[in-house]
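Okay, structure first, notes after.
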Amino acid sequence: MKAIGIILAGGNSEMRLGELTNTRAASAMPIGGCYRTIDFPLSNMSSSRISKVAVITQYNSRSLNDHLASSKWWDFGRKQGGLFVFTPYISTDNSFWFRGTADSIYQNISFLKKSNETYAVIASGDAVYKMNYRDVIQYHKESGADITVVYKEIMDKDLTKFGILQMDENNRILEFEEKPIEPQTNCASLGIYIISRTLLIELLEQIVPEGRYDVVKDIIIRFRRKLTIKGYKFDGYWSNVGGGIKDYYNTNMDFLKQEVRDIFVKQYPYTTTKPKDEPPVKYNFGAEVADTIAGGGSIINGNINHSVLFRRVYIGENAVVKNSIIMEGCYIGNNCVIENAVFDKNVVISEGKHIVGEEDNPVVLKKGSVM
Amino acid sequence: MSKNEMIAMLLAGGQGSRLGILTRKIAKPAVAFGGMYRIIDFPLSNCINSGVYNVGVLTQYQPLRLNQHIGIGIPWDLDRKNGGVTILAPHVKGGGDSGEWFTGTANAIYQNIEFIDANDPEYVLVLSGDHIYKMDYSQMLEYHKKNNCTATIAVLEVPIEEASRFGIMNTTEDDKIYEFEEKPANPKSNLASMGIYIFTWSKLREALIQDSKVHPDSDFGNHIIPKMLESNEVMYAYRFRDYWKDVGTVESYWQANMELIKTLPAFNLYEDFWKIYTNTDHQPPQYVGANGKVKMSIISDGCEVYGEVYNSVLGPEVIIEEGCVIKDSIIMSKCTIGKNSIIDRCIIDEECTVGENVKMGIGENVPNKDKPSIYNTGITVMGEDTTVPDGVEIGKNCVIFGKTQTQDYPDMKLESGMSVIKEGVEI
């Protein structure tokens, strides 16, 4: 049951996260105080004993590359297998950016051809969840499916942003509608697929030369009758951060809930990330902190409520921070008031500033802003 | 510094018996410090920050935790093709030898001459794994080379009235050492040896071999240094003017931890250019609950605080339940403090569990009955992996070790100065 992993970390074309993804891919977005989104699928791969993983990236991949530069933290620094990062390149017969998800795999097809693992697990790099891909492979094998699509019954999110499945009683997918105006079910595809490696090569070599470049549109939907494509139901916590600022904000705030935090932090296997060796958080005399996550190396002098602080954040005296996400390296001066805000990395707010967003429309300050 | 110019030999085999129960199961260099660190992280981080990439760590007393912590040196970037970190334990040698322990600081180096020779360095840096400080060893090496020394000894200026507690270097005006006195009754200078030496390897090698014939317990301070002075080798004192702390006793260990929580600490962990690295395998962010209160404290990754924490140092993954009040205490990694418990001026070692409604560190300051010289400043200490049941009251200067149960506490109380040691372990 050996499998290779493919993480599609390029997905950012619609710029749904606005200024936050100007400088990074959605899969490099900081999550929960110390993680980046890609840590979740990567840790899943590692804990599912998938030791050879390709991360395919395109948009603003610098910070992602930086994060992945050493693969030993996810236990991929091995002689056998390992982590491969593929970015678009130019050669004499090819000078394209990836034209779609399928194309991005096709342009690196030699990775698939040189492998000998039976299965390929394809996952997107922009969701937060914990899944044992082995269970899905087991299901895939036992059900005799050609392709398995992981889905979740989504209750509290806007279904028109998802790919919606309609299945028969054996979970065979009959219809797959991408972003339907009127969703027929609440079974949403999570963008996680299991397929045999050889079939994947075959399909890609067939569709890409025809000018078809998308995994969902040109493989799942187009082949739904010809191939047996089945759904695998996932019940655990799953949250997408690529869907917009609201999704990103809510995913981070979910980490303030013990039951969500425990999934990744207390229940084995843990989600791992690149360590930064920051010292402990320092709470000084004026610190009043409640319902808050803080990342290592932060120094807190002020009042913080219901917020997520990343690493090395400085909060000045009498500053008030509420319902906010403050990323790595931000400096908030004395007497500032920050509410309903998302500050990207290294934002500097000088003394006494008030930055207050609306409850369902947080203010976003881009990386390195100085006020 | 070229590849093999200098190798570091880190003496990490000491027990640190004045730390009492804290070193019952681990060597002193492996004792947790400053929340997330262990004492050995400081010299190890100094090594890589100084460009010393070849480090031998000499272990002897209870090396398990130390071995696990260091591993192949990944956290310090010491997993290298050339050099890196090597753990050197005493072992049986060939030729019918039954093997021997490291019997002294110099003897430990003597027994590893082969290891040093194999690396062929010009200089050897000898360090101990007992101190908290940041030091650039490459500057000390420059100084060593400039003065054409056989040995350079790092020294600290201590108050003259305390000088009789240290090994004192008597120097000429330009810091050339002419005499060494171990704990002199009437000190002539206030330059105390920090136990950090740079030797020119060829000279040290010779001295070690010579001395081993005379002293089976060969020691740097007692034998090698005096011997070198006698034979008129060039030795200089290298003055160190920054923070340096020996955390040898329960009280000084507690003090040094407490210094870190000051608003402007004398020892700064928050500098980017001289980072202290440690083994951070799984350390998620920390969470302070809606009713939590944290002031004047440092809290490590993965902690969850639902109660109140003041003037304290918490290691990774500590859980403080609701209603707790933690004051002036050190709580090491993976401890859980049950609901409504009060902890005052205590040191709680790793992986301890304190039940609900426990009061620790109350009552009068009576020195510990069994070990008054170790526990006498009011600090109650819980050893590693110890359990305290619900509802008990524990005094000051107490020592608790093992899985204690309600019946171990007559009237649900442990008076100040008393100890509960389970599993027949001596403190």
Relative packing of peptides B:269-277, A:33-41, A:200-208, A:244-252 - highest average C-beta neighbours within 10 Å first: A:33-41, A:244-252, A:200-208, B:269-277
I need the Debye-formula profile for the protein assembly as shown: one equal scatterer per C-alpha, no solvent, reported as log10 I(q)/I(0) at q = 0.07, 0.10 1/Å, two decimals. -0.63, -1.11
How high is the relative contact order of segment B:52-154? Use alpha-carbon pairs under 8 Å, at least six apart in sequence, and give a whole percent. 22 percent
Expressed as a whole-number percentage, the relative contact order of segment B:1-74 with C-alpha contacts under 8 angstrom and at least six residues apart is 42 percent
When chain A is modelled as a GNM with alpha-carbon springs shorter than 10 Å, which of A:LYS276, A:LYS217, A:LYS345 fluctuates the most? A:LYS276
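Taking 20 Å as the cut-off for C-alpha to C-alpha distance, list the pairs among A:LYS52/A:LYS226; A:LYS2/A:LYS113; A:LYS2/A:LYS52; B:LYS371/B:LYS422 that go past it.
Values: A:LYS52/A:LYS226 30 Å; A:LYS2/A:LYS113 15 Å; A:LYS2/A:LYS52 10 Å; B:LYS371/B:LYS422 16 Å.
Checking Cα-Cα distances, A:LYS52/A:LYS226 exceed 20 Å.
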Can you give the translational diffusion coefficient of chain B in µm²/s, computed by Stokes-Einstein from the Kirkwood radius over Cα pairs at 10 °C and 1.306 mPa s? 70 µm²/s
Amide H to amide H, which residues 5 or more places from A:VAL337 or on other chains are under 5 Å from it, using H placed in the peptide plane? A:VAL320, A:LYS353, A:HIS354, A:ILE355
Please compute the net charge surrounding A:LEU203, taking Lys and Arg as +1 and Asp and Glu as -1 over other residues with Cβ under 14 Å from its Cβ. 0
Net charge near A:GLY295 (other residues with Cβ under 13 Å of its Cβ; Lys, Arg +1; Asp, Glu -1) is +3
Each residue of segment A:164-169 in order: what ³J(HN,Hα) in whole Hz does its phi give by Karplus 6.51 cos²θ - 1.76 cosθ + 1.60, θ = phi - 60°, with x for Gly and Pro? 10, 9, 10, 10, 8, 5
Mean other chain Cβ within 10 Å across A:321-329 is 0
Partner chain coverage, peptide B:300-308 - average Cβ within 10 angstrom: 4
Over chain A, what is the relative contact order in whole percent, taking alpha-carbon pairs under 8 Å and six or more residues apart? 15 percent
Amide H to amide H under 5 Å from B:VAL294: which residues, 5+ apart in sequence or cross-chain, H placed 1.01 Å off N in plane? A:VAL289, B:VAL309
Could you let me know the centre-to-centre spacing of segment B:61-123 and segment A:107-141, using Cα atoms, in angstrom? 43 Å
In this structure, among B:LYS188/B:LYS213; A:LYS141/A:LYS230; A:LYS72/B:LYS25; A:LYS322/A:LYS353; B:LYS145/B:LYS203; B:LYS293/B:LYS403, pairs with alpha-carbon gaps over 21 Å are B:LYS188/B:LYS213; A:LYS72/B:LYS25; B:LYS293/B:LYS403
Ordering of B:403-416, A:298-311 by packing [mean C-beta count within 10 Å, highest first]: A:298-311, B:403-416
Taking the Cβ of B:ARG239 as the centre, find all other residues whose Cβ is under 10 Å away and add up their charges (Lys, Arg: +1; Asp, Glu: -1). -1
proj_area_mean for chain A (convex hull on C-alpha atoms), units nm², value 18.7 nm²
Quick check on chain A: of the DSSP beta bridges with both residues there, what percent are antiparallel, nearest 5%? 30 percent
Expressed as a whole number of Å, what is the distance separating the alpha-carbon centroids of segment A:292-371 and segment A:275-289? 14 Å
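Any read-out appearing in this document is the output of simple, stated calculations on the displayed coordinates, not a laboratory observation. Note that the structure is a prediction, hence the values are computed from the model and not measured. Here the Cβ is made from the backbone with ideal geometry for all residues, glycine too, and neighbour counts use every protein chain on show.
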